[in-house]
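These notes are about the structure you will find just below.
The values are calculated or read from the model by the stated rules, or taken from the named source; none is laboratory data. Note that this is a predicted model, so its numbers are computed, not measured. No Cβ is skipped: glycine too gets one built from the backbone with ideal geometry, and neighbour counts run over all protein chains shown.
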Amino acid sequence: MPSLSEKRENPLFVDSIERAFGVLNCFLANGHELTNKQIQTETGLTFQTVDRAIKTLESHGYIEKNERKKTYQLALRALDFQYKFLITDPLVKMIWPLLVDIRDKTKGRVSYCELDGTEIVYLARIAGDETDFLTSLVGRRRPAFATAGGRVILSGLAPKDRDGVLMASSFDPITPKTETDPRAVIESIEAIANDGYAMTAEETILGEVSYAAPVLGNDDNVRGAIVVSIRDDEAGKGISQSELIALLLAVARSVST
């Protein structure tokens, strides 16, 4: 992704739009409710600039003000872009019933994700027997290096592109079992390229094992990944590991073709 200085060199770059997105991005990175001062600190913008951006976004329904606390938060209309993106994505619509079928057969949580920068983004998620709120949310991001879905997508990239993603990654541990050695992650990704699927154990959620298979786009390049996540204490109760991997690979191939 181009840096801000590189973007500004483009004669079509619009500073006012950049400032508005800067304000919106504060809510993605810093929590639910923010004051004008907190947004100023995060963006480096002046009070007047932040105030104008907030008023504009508020008038369009993307930000709302808590009059009692004097704070701002994202409003319901912020969901409109997510809904429109998902409802018009033909792959997400096509893959949904297949994910439901995998969930019914494995009893695990089933997801479809794609790579964005150094992270994967979940575009479809179907809960398993667990009821965790965060793991059921569409749009959640996780570091690609630490996830089965991320590694299987990276395994389909050219080495130069793969290494570019990893070099930009922070390798911060998510759990005590997250692999944070870049060399070990690269070895894992190279093995995945040979195996055709990925498996991670407790690297993002303790007590959980995840399996992922790549989904190819029209150009035969990896577009995303189907992921099945199962709690350790549930493993083997509904389906064996070999059966799960075979099912996952079969569905991923059917989607790709």
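In region 205-216, the residues that are surrounded by fewer than 20 Cβ atoms within 10 Å (Cβ to Cβ) form Cβ pairs under 6 Å with partners that are of a type in the set (Gly, Ala, Ser), at six or more places apart or across chains, as follows: Leu216/Ser256.
Restricting region 186-225 to residues that are at positive phi and of a type in the set (Asp, Glu) leaves a set whose member that is farthest from the chain's Cα centre (by Cα) is Asp220. Determine if region 72-92 includes at least one residue that is farther than 25 Å from Arg141 by Cβ and modelled with pLDDT under 95. Among the residues of region 72-92, not one is farther than 25 Å from Arg141 by Cβ and modelled with pLDDT under 95, which makes the answer no.
Checked against the criterion of being surrounded by 12 or more Cβ atoms within 10 Å (Cβ to Cβ) and either among the aromatic types (Phe, Trp, Tyr) or under 30 Å from Met167 (Cα atoms) (or both), region 96-103 has at least one qualifying residue.
Here region 57-89 is the region considered, the condition is being loosely packed, with under 10 Cβ neighbours inside 10 Å and of a type in the set (S, T, N, Q), and the residue that is nearest to the chain's Cα centre (by Cα) is Thr88.
Checked across region 4-12, the condition of being over 23 Å from Thr118 (Cα atoms) and either touching a Phe, Trp or Tyr at 6+ places or on another chain (Cβ under 9 Å) or part of a helix (DSSP H, G or I) (or both) holds for no residue. Annotation: of all residues in region 223-244 being out of contact with any Asp or Glu (no Cβ under 6 Å at 6 or more places or on another chain) and modelled with pLDDT under 90, the one that is surrounded by the most Cβ atoms within 10 Å (Cβ to Cβ) is Ile239.
For region 227-237, the condition holds for no residue, the condition being that it is over 16 Å from the mean Cα position of the chain (by Cα), under 20 Å from Leu98 (Cβ atoms), part of a loop (DSSP other than H, G, I, E, B) and of a type in the set (D, E, K, R). Please enumerate the residues belonging to region 134-185 that are more than 16 Å from the chain's Cα centre (by Cα), within 18 Å of Ala225 (Cβ to Cβ), without any contact (Cβ under 8 Å) to a residue 40 or more places away in the chain and part of a helix (DSSP H, G or I). Matches in region 134-185: Asp161, Arg162.
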